[in-house]
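Inspection log for the structure reproduced underneath, given as C-alpha cells.
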Amino acid sequence: MALHPLAGTPAPADLLIDPAALERAYYERVPDPADPNQLVSFGTSGHRGNPLEGTFTEAHILAITQAICEYRERQGYTGPLLLGKDTHAVSGPAQRTALEVLAANGVATVIQQEDGFTPTPSISRAILAYNRGRSEGLADGILITPSHNPPADGGFKYNPPNGGPADTDVTGWIQNRANELLRDGNRAVRRLPYEQARRAACIREEDFILPYLRDLAGVIDLEVIRESRLSIGVDPLGGASVGYWAPLEELYGLNLTVVNPAVDPTFGFMTLDHDGKIRMDCSSPSAMASLVALRNRYRVAFGTDPDADRHGIVTPTAGLLNPNHYLAVAIGYLLGHRPAWPEAAAVGKTLVSSALIDRVVQELDRPLYEVPVGFKWFAPGLADGSVCFGGEESAGASFLRRDGTVWTTDKDGLILGLLAAEITARTGKDPGEHYRELTARLGEPHYTRIDAPATPAQKAQLKKLSPEAVTATGLAGAPIVAKLTRAPGNGAPIDGLKVVTEQGWFAARPSGTENIYKLYAESFRSPEHLAVIVAEAQAIVLASLSGA
C-alpha cells in the first residue's frame with residue numbers, strides 16, 4: 001500500500017476538525033431512516049458514524065440507549081450500568097444524551113467522577129469486579145468511543161455482564177429495536193432534560209481510576225518494574241488513559257514519563273496515518289511517528305489508542321513492533337512466567353493473526369484456540385480461565401491475572417504496554433530483542449493485509465463459501481494442507497476463506513461497508529514468496545467467486 005506523501009508528518013491545520021460545528025451537527029442533523037447508511041448498525045465494535053454524514057447523531061444515541069434499557073429489562077439486569085467515554089469530540093454530547101435516557105428509564109448508572117474519561121478495559125474490569133459472586137442484580141456497561149477512528153467520528157458500544165463485547169444476538173436485538181424507534185421518530189424514547197437527569201437519584205459518580213490501578217498488581221509484576229528503575233515512555237495519544245499514568249507512577253513508584261499529556265478533540269498533535277488522515281492508531285508507524293522518534297530516550301515506550309483497548313510497543317532496538325510480532329513475544333514470555341496459569345488453558349488468536357503464534361504455542365506444548373475476527377470470541381474463555389490469552393492482529397489483547405483468574409474480557413492496551421516493561425525489566429532484553437531470538441529459532445514471518453475490489457454479489461458469495469469451492473491443490477509452490485471457512489477453535493463461520501500451507505497462508509473476508517474484500521497473507525520464506533502467495537490468493541478467490 002503506497003504511503004500518502006504527508007504520512008508520518010504533523011497534521012496540517014486544514015485537516016483539523018471544528019468541534020463546535022461537529023457538536024451542532026450531532027444535535028441538529030436528523031438521520032433519514034430511508035437511507036440504510038443512516039440507520040443504526042452494530043459492527044464488531046458497536047455503532048460508529050460521523051455527525052456531518054448523519055450517521056452519528058443525537059437521534060441515534062436516543063434510540064440505541066432506549067433499546068439498551070429495554071434489552072436490560074428483558075434480561076433482568078438490575079445492577080448498575082457503568083458508562084464510560086473517551087476523548088473524541090462527540091463522546092461528551094453522546095454521554096449527555098445517554099444519561100437523559102438512562103435517568104428517564106430509572107437505570108442505576110455510574111460515570112467517572114468530575115466528567116472524566118474511562119478506558120474500555122477499566123469498564124470491563126469494573127463490570128467483572130461488581131458481578132463476582134453474583135447471580136442476579138448484574139452490572140453491564142456502555143462505552144462511548146469509536147476507538148482509533150478519526151476525530152470527527154463517534155462510537156457507542158454495549159458490554160453485557162460478562163464484561164466483553166456483546167455477541168451478535170445481543171447487538172442484533174439492540175440494533176433492530178433502535179431502528180424501530182428511529183423510524184418512528186423516537187416517540188417511544190423516554191427522556192429527561194439533562195440537568196434533571198444529572199440530579200436523578202439513579203445517576204451517580206464514582207472513580208474508576210484507582211480501583212483499576214490498585215488491581216493492576218494482580219496482573220502485571222509491577223514490583224520487578226519498580227526495582228529495575230526502567231525508564232518508560234507513555235503516549236496516551238490524547239485518549240482516555242491520560243489520567244491513569246500519573247497516579248500509576250505514584251502508586252507503584254515507577255520511572256514513567258507521559259510524553260504527551262494533551263487532550264485535544266481535534267487531535268492536532270498527531271502525525272498523519274498512512275493514508276494522510278488523522279487516526280489514533282497505535283499500531284501504525286505513521287500515526288506513532290512522534291513516539292518512535294523518542295525510541296532512544298526510553299528503555300521501552302508504548303502508546304494506547306483513545307479508548308486504550310489497543311497497544312503499540314516502541315523499543316530502541318526495533319522501533320514500533322508489528323502487533324503480530326509483539327503478540328508472539330508476549331505469549332512466549334507469559335507462558336514461561338505465569339506458573340499459576342492452568343496448563344490446559346488455551347492461547348487464543350484470531351485466524352488472521354500470524355502463524356508465528358502457532359509455532360510459539362506448539363513449541364511450549366500449549367493448546368491453541370483459533371477463532372474468527374472479533375474479540376467477543378475470547379470473552380467466555382477469559383472469564384472462566386479456559387483461555388489464558390486472547391489476541392488480535394490489530395493490536396488488541398488481554399490475558400489472565402497472575403493467579404490464573406479473569407482480569408478483563410475486553411482488550412486492554414494498558415496491561416500490554418506494562419507487560420513490555422515487565423519483560424524488559426525481568427529479562428534485561430526488550431520485546432524487539434526477544435522477537436529476533438524467536439525468529440532465529442522458529443522462522444521469520446512476512447505478513448501483509450491489502451484491500452481488493454469485489455462486487456456486492458462477490459462479497460455475499462465469499463461470505464458463504466464452502467471449502468469445496470476452492471479447487472486449487474497448491475499455493476505458491478506448496479501443497480495446501482487446509483481450506484477453512486470455519487474457525488478451527490470453535491467451529492464458528494469465518495465469513496470468508498482461509499487457505500494454509502506449511503510455509504504460508506492467506507485469508508479473505510468481505511468488507512462490511514465497502515465493495516472490497518480484505519486479503520491477509522503470510523510467508524515464512526521471503527517477501528518475494530509473500531508476493532506470490534498474494535497473487536495466487538487473488539486468483540483462487542476470484543476463481544471461487546466466478547459465478548457471482
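The values are calculated or read from the model by the stated rules, or taken from the named source; none is laboratory data. What you are looking at is a predicted structure, and each value in this text was computed from that prediction instead of being measured. A quick note on method: Cβ atoms are made from the backbone with ideal geometry, for glycine too, and the neighbour counts reach across all protein chains shown. Accessible surface is based on the protein model in full, side chains and every heavy atom, while ligands, DNA and RNA are left aside. Shrake-Rupley method; radii C 1.70, N 1.55, O 1.52, S 1.80 Å.
Taking the criterion of being open to solvent by 80 Å² or more (accessible area, probe 1.4 Å), under 16 Å from Asp264 (Cβ atoms) and assigned to a loop (DSSP other than H, G, I, E, B), the only residue of the stretch 1-45 that qualifies is Asp18. Of all the numbered requirements in (1) under 27 Å from Glu23 (Cα atoms); (2) open to solvent by less than 10 Å² (accessible area, probe 1.4 Å), Gly303 misses one, and that requirement is (1). Filtered by the rule that a residue be aliphatic (A, V, I, L, M) and either open to solvent by less than 30 Å² (accessible area, probe 1.4 Å) or part of a loop (DSSP other than H, G, I, E, B) (or both), the stretch 230-257 gives Leu230, Ile232, Val234, Leu237, Ala240, Leu248, Leu254, Leu256. Within the stretch 524-536, residues that are crowded, with 17+ Cβ neighbours inside 10 Å sit with their Cβ atoms under 8 Å from residues that are at pLDDT 95 or above and among the aromatic types (Phe, Trp, Tyr), at 6+ positions apart or across chains, in these pairs: Leu530/Tyr447; Ile533/Trp505; Ile533/Phe506; Val534/Phe506.
Residue count for the stretch 258-269, restricted to those that are open to solvent by 20 Å² or more (accessible area, probe 1.4 Å) and either of a type in the set (A, V, I, L, M, F, W, C) or modelled with pLDDT under 95 (or both): 5. Selection of first residues in the stretch 479-490 that are touching a residue at least 40 places away in the same chain (Cβ under 8 Å) and of second residues that are assigned to a strand (DSSP E or B) and among the basic types (Lys, Arg), restricted to Cβ pairs under 7 Å at least 6 apart or on distinct chains, gives the following pairs, ordered by first then second residue: Leu484/Lys498. Within the stretch 181-199, being among the small types (Gly, Ala, Ser) and crowded, with 18+ Cβ neighbours inside 10 Å holds for one residue alone: Ala197. When you scan the stretch 358-378, do you find a residue that is under 30 Å from Phe117 (Cα atoms) and among the hydroxyl-bearing types (Ser, Thr, Tyr), even just one? Scanning the stretch 358-378 turns up no residue that is under 30 Å from Phe117 (Cα atoms) and among the hydroxyl-bearing types (Ser, Thr, Tyr). Of the residues contained in the stretch 126-144, none is found to be closer than 18 Å to Val373 by Cα, in contact with a Lys or Arg (Cβ under 7 Å, 6 or more places away or on another chain) and either at pLDDT 95 or above or not small (Gly, Ala, Ser) (or both). Residues that are out of contact with any strand residue (DSSP E or B) (no Cβ under 7 Å at 6 or more places or on another chain) and part of a loop (DSSP other than H, G, I, E, B) were ranked within the stretch 472-487; the one that is nearest to Leu542 (Cα to Cα) is Ala472.
Every condition in (1) surrounded by 20 or more Cβ atoms within 10 Å (Cβ to Cβ); (2) assigned to a helix (DSSP H, G or I); (3) touching a helix residue (DSSP H, G or I) at 6+ places or on another chain (Cβ under 9 Å) is met by Ser398 except one, and the failing one is (2).
Residue count for the stretch 403-431 under the criterion of being of a type in the set (Ser, Thr, Tyr), open to solvent by 20 Å² or more (accessible area, probe 1.4 Å) and closer than 20 Å to Phe389 by Cα: the result is 1. I'm trying to understand the selection: among the residues of the stretch 113-152, which are among the basic types (Lys, Arg) and assigned to a loop (DSSP other than H, G, I, E, B)? Of everything in the stretch 113-152, those that are among the basic types (Lys, Arg) and assigned to a loop (DSSP other than H, G, I, E, B) turn out to be Arg132, Arg134. Entry remark, the stretch 117-158: residues being open to solvent by 10 Å² or more (accessible area, probe 1.4 Å) and more than 13 Å from Thr408 (Cα to Cα) number 13 in total. Scanning the stretch 432-471 for residues that are open to solvent by 30 Å² or more (accessible area, probe 1.4 Å) and in a loop (DSSP other than H, G, I, E, B) returns Glu444, Thr455, Lys464, Ser466, Thr471. Within the stretch 46-104, restricting attention to residues that are assigned to a helix (DSSP H, G or I) and hydroxyl-bearing (Ser, Thr, Tyr), the residue that is most open to solvent (accessible area, probe 1.4 Å) is Tyr71.
Is it the case that Pro380 is open to solvent by 20 Å² or more (accessible area, probe 1.4 Å), in contact (Cβ under 8 Å) with a residue 24 or more places away in the chain, outside any loop (DSSP other than H, G, I, E, B) and farther than 25 Å from Ile225 by Cβ? Spell out how you get there, then give the answer.
Details: open to solvent by 20 Å² or more (accessible area, probe 1.4 Å): yes; in contact (Cβ under 8 Å) with a residue 24 or more places away in the chain: yes; outside any loop (DSSP other than H, G, I, E, B): yes; farther than 25 Å from Ile225 by Cβ: yes.
For Pro380, the condition - open to solvent by 20 Å² or more (accessible area, probe 1.4 Å), in contact (Cβ under 8 Å) with a residue 24 or more places away in the chain, outside any loop (DSSP other than H, G, I, E, B) and farther than 25 Å from Ile225 by Cβ - is met.
Restricting attention to the stretch 175-202, the residues that are touching a residue at least 24 places away in the same chain (Cβ under 8 Å) and over 25 Å from Gly43 (Cα atoms) add up to 10.
Note on the stretch 159-180: residues that are modelled with pLDDT of 95 or more, part of a loop (DSSP other than H, G, I, E, B) and open to solvent by 50 Å² or more (accessible area, probe 1.4 Å) amount to 1. Consider the stretch 270-297 and keep the residues that are of a type in the set (S, T, N, Q) and crowded, with 21+ Cβ neighbours inside 10 Å. The one that is nearest to the chain's Cα centre (by Cα) is Ser283.
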